[in-house]
Amino acid sequence: MKLTPTAALPFVLTAVLLVAAGCSSTVASINPAQYDKMSCTELNVALGDTATDISRTAIARGKVANTSVPSWLLGGSTVKTGIANRETARIERLQQQQQAIVAARARRCTSAN
């Protein structure tokens, strides 16, 4: 069987969708006790990092959601939906992490707004 560019296209498009979603799909488990040990400056940095990760993940999810998948690409829409759902779950975990940081910051830092 000879692999032609047309025959390889479905595999290439699937790979592009996977890469577009990003490689970092894991988020550390949320442990509120770890935030209680951090200084106000460390909490502020962690909050900023989490906000950046949420934005980056939302942008990646939007790119995947707006990707046009040809109708002849079997399973392309399923892959696209799966990646978007994975990114949505990651955003939800990051938002929970952000809420834990905000709560710890409110307890520890008097000047936190």
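Would the stretch 35-113 count as rounded, prolate or oblate if I go by the C-alpha gyration tensor, calling it rounded below 1.5 in a/c and otherwise prolate when a/b exceeds b/c, oblate otherwise?
Since a/c reaches 1.5 and a/b is larger than b/c, the shape of the stretch 35-113 is classed as prolate.
May I ask you to evaluate 6.51 cos²θ - 1.76 cosθ + 1.60, the Karplus curve with θ = phi - 60°, for each residue of the stretch 83-92 and list the ³J(HN,Hα) values in order in whole Hz, giving x for glycine and proline?
5, 4, 5, 5, 5, 5, 5, 5, 4, 5
How high is the FRET efficiency from Val45 to Thr88, r the C-beta distance, R0 22 Å, rounded to 0.05?
0.30
Coordinate-derived values only; no laboratory data. Fair warning: this is a prediction, and the values are worked out from it, not measured in the lab. Heads up, the Cβs are rebuilt from the backbone with ideal geometry, glycines too, and the neighbour counts pull from every protein chain shown.
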